[in-house]
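Working notes, structure below.
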Amino acid sequence: MAVEILIADDEPGVRESLAEVLRDAGYLVETASDGSAALRAIEAKDFAVIVTDIRMPGADGLAVLRRAREVSPQTVVLVMTAHASIETAVEALRAGAADYVLKPVLFDDLLAKVERILEHRELVWQTQMLRREIEQHVDLDLVGKSPAMREIQKLLAKVSPTQSTVLITGESGTGKEVVARAIHAASQLRNKIFLPVNCAAIPESLLESQLFGHLRGSFTGAVTSQEGLFSRARGGTIFLDEIGDMPIGLQSKLLRVVESREILPVGAATPIKVDVRLIAATNRDLRKMADEGTFREDLYYRLNVVNIHLPPLRERREDIPGLIDFLIQRHRRDLKRPFKGVDNAALKLLMSQPWKGNVRELDNVIEHAMIVGESEWITIADLPRVLRDKDGDLGQIVGDDLREALRAYEKIHIESVLRRTSNDKRAAAERLGLSLSSLYRKIEELSIVLET
Ligand SMILES: Nc1ncnc2c1ncn2[C@@H]1O[C@H](COP(=O)(O)OP(=O)(O)OP(=O)(O)O)[C@@H](O)[C@H]1O
Ligand SMILES: [Mg+2]
């Protein structure tokens, strides 16, 4: 796309020759012969660069600069000034001008400045993209070996390469966003943007313009036109989180987008095509909401093409040890302290919690323990008081039968020792006080899965 530049100067000679130099360099140039013409031009469109003289009839360069900062903050402004008014140049820099050039203008000098500024802008933009991508690449690991999580992994492998809309459901903290990111990362769009939008966090009055964008002047306060999130996510994945909290009025607009793959920015007359993959998530029961009339049924069907449901952590307790290891690794990086894991008593207690806040709550508990803990192993003493004071016995999970409880604990214990010896069965057997063959038998009997 050609870069658009506005040149504002009341001296026709300067204005036209400058325009010619920039046009020759491949830019799209508009000119304004005084301050008011410049103001009109910047109201009408967003330029990449404005080169403006300071002293002009109508409005001076500073006024043009200030207005440009207001209506189009991304625009870079360069001011031209005569030697005599260097103070004005300083004032311009303070008001947000990117640079100034002295008059008489050396064209090559100006061209070089414009090029450098645009390069810098591109660089900043690229760094931002890169940073966003790096941020996206952390936390992609989807930990879990329980039958439920294995099913989810399988489904994920099937659905990721398609462009299908996916609805991820599950209680708060079960890992819905982790799954959404994993889908994106395993899709062809992995190098494109993954844009999460929390539908519950944006005030209803702003949600529409945030999602679809708006044109300048389309409503009071819309001083600049703004690109919507849908259009920013073009070519990538948009993640509509907390979709159950989207106001019903907006749901019909979203439905239109999902059906036609077109968005209509607020105040615009013609829709724009957007090619974007949609993933939605909610901890609410959309089916029930649809029955009650608080969620559009047609939208529900459109979103629920593929449903991935994350069961609460208390229904897949066998994932807890693996998650703990993963979370310890993750915090170890920040805390820069060696941590090996949780000891048996602490693990037992952690395995028996109700985890109403699911993995997020577990994560908080682990982080807490790693901050207060002093040894390499997390012990019961490092766990938050509330957990310790509760009656955290294994019987809550496996029932009251003693043999069942012992078996469950035996399994947890052996798994934990195996983990600590990195699956070295000989070393594990020694620590457990078992012969190697008895350990093999236990692994069979208790269907212990060795974590890789
Ligand atoms: N299977 C998993 N593997 C690794 N980490 C997980 C897993 N599930 C959840 N987590 C971690 O737990 C935390 C909560 O996960 P996430 O934000 O995805 O939950 P959520 O379902 O989106 O919750 P909410 O509904 O509250 O937004 C995050 O720190 C995430 O990294
Ligand atoms: Mg979430």
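All of the numbers you see were taken from the coordinates with simple rules; none came from a lab. Here the structure is a predicted model, which means the values were calculated and not measured. Here the Cβ is made from the backbone with ideal geometry for all residues, glycine too, and neighbour counts use every protein chain on show.
A few notes on this one:
- The ratio of the alpha-carbon radius of gyration of the range 139-311 to the globular-protein estimate 2.2 N^0.38 Å is 1.04.
- Cross-link partners of Lys442 among lysines (Cα-Cα below 17 Å; sequence separation of 8 or more within a chain): Lys411, Lys425
- DSSP-loop trypsin sites (Lys or Arg not before Pro) across the range 207-278, with at most 15 other Cβ within 10 angstrom: Arg261
- The range 202-262: chymotrypsin sites (Phe, Trp or Tyr not before Pro) falling in loop per DSSP and having at most 13 other Cβ within 10 Å: Phe219
- Cα pair count fraction exceeding 31 Å, expressed as % - the chain: 59
- Rounded to the nearest 20 debye, dipole of the chain from Cβ charges on Lys, Arg, Asp, Glu: 1480
- Close amide-amide hydrogen proximity is noted between Thr31 and Ile7, each under 5 Å apart and 5 or more residues distant or on a separate chain (H modeled in the peptide plane; Pro and chain starts excluded).
- Whichever lysines have a C-alpha closer than 18 Å to that of Lys154, once near sequence neighbours (fewer than 8 apart) are set aside: Lys145, Lys176
- Long-range amide H partners of Val101 with built H, under 5 Å: Val79, Met80, Thr81
- Set of lysines near Lys253 by C-alpha distance (under 18 Å), chain-local residues within fewer than 8 positions excluded: Lys273
- Ascending count of other beta-carbon atoms within 10 Å, so fewest first, for Arg23, Arg316, Arg181: Arg23, Arg316, Arg181
- Remark: relative contact order (the chain) = 11 percent; criterion is Cα-Cα distance under 8 angstrom and separation of 6 or more residues.
- The range 183-217 and the range 345-386: distance between their alpha carbon centers, rounded to Å: 35
- The Rg/Rh ratio of the range 315-445, with both radii computed over alpha carbons and Rh defined as the Kirkwood radius, is 0.97.
- The Rg/Rh ratio for the range 1-131, using Cα coordinates for both the radius of gyration and the Kirkwood hydrodynamic radius, is 0.95.
- Neighbour counting of Cβ atoms within 10 Å sorts the residues Glu415, Glu171, fewest neighbours leading, into Glu171, Glu415.
- Under a 5 Å amide H cut-off, with hydrogens placed 1.01 Å from N, Val449 pairs with nothing among residues at least 5 apart or on other chains.
- For the range 225-324, size of Cβ-based charge dipole, Lys and Arg +1, Asp and Glu -1, in debye: 220
- Placing R0 at 35 angstrom, the Cβ-Cβ distance between Glu430 and Lys154 gives a FRET efficiency of 0.40 after rounding to 0.05.
- Burial ranking of peptide ranges 94-104, 196-206 (average Cβ count within 10 Å, highest at the top): 94-104, 196-206
- Ascending count of other beta-carbon atoms within 10 Å, so fewest first, for Val372, Val143: Val372, Val143
- Anisotropy class of the range 204-245 from Cα gyration tensor, a/c 1.5 cut: oblate
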